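Okay, so here's the structure we're looking at.
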Amino acid sequence: MPRNKAESIEKKQYPKFRKLLEERKNTLLQHIENVGAELSYLDQSRPPELSEEAQEEAAAISLKAVDAREREELEDIVLAIEKLDDKTYGTCDSCEEPIGLARINFLPSVRYCISCQTKLEERGKHQGSF
């Protein structure tokens, strides 16, 4: 179902979103680099005390989880920048309908409209219950 043109993104707004995406991309790249350095430090072979070892292992697991989420966000940002280049930014990857401007303002790297995102999440819940 097509959306009202007033709520979808206009091409003249692309530079604003490109700047936001590029800034977030640079922040993520820097943070991922820092996380990698921290993980490397934790992986060094030195015999820590047992309690310190457990704390370091827990920290490493947490850092790896953060790193994975940020890498996923980075992939979404790269795809959004590619869509800016292709002049298809602001369209849903699934239904190809415009994504609402409010949603794009909230999450500039968003790939799906609310309807398709909801369907994906529901499908994921059902697959995870088996």
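Rule-based calculations on the coordinates, nothing more; no lab input. In this text the structure is predicted, and so the values were computed from the model without any measurement. Every residue, glycine among them, receives a Cβ derived from its backbone with ideal geometry; neighbour counts consider all protein chains shown.
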Estimated vicinal HN-Hα couplings, Hz - the stretch 70-86 in sequence order (Karplus 6.51, -1.76, 1.60; Gly, Pro = x): 5, 5, 5, 4, 4, 4, 4, 5, 4, 4, 5, 5, 4, 5, 4, 5, 7
Gain on full stretching of the segment that runs from Thr88 to Ala102 - 0.36 nm per residue minus C-alpha separation: 3.3 nm
Fully extended contour minus Cα-Cα distance, from Lys119 to Lys12, at 0.36 nm per residue: 35.5 nm
Estimated FRET transfer efficiency when R0 is 30 angstrom, pair Glu23-His126 (beta carbons, to 0.05): 0.20
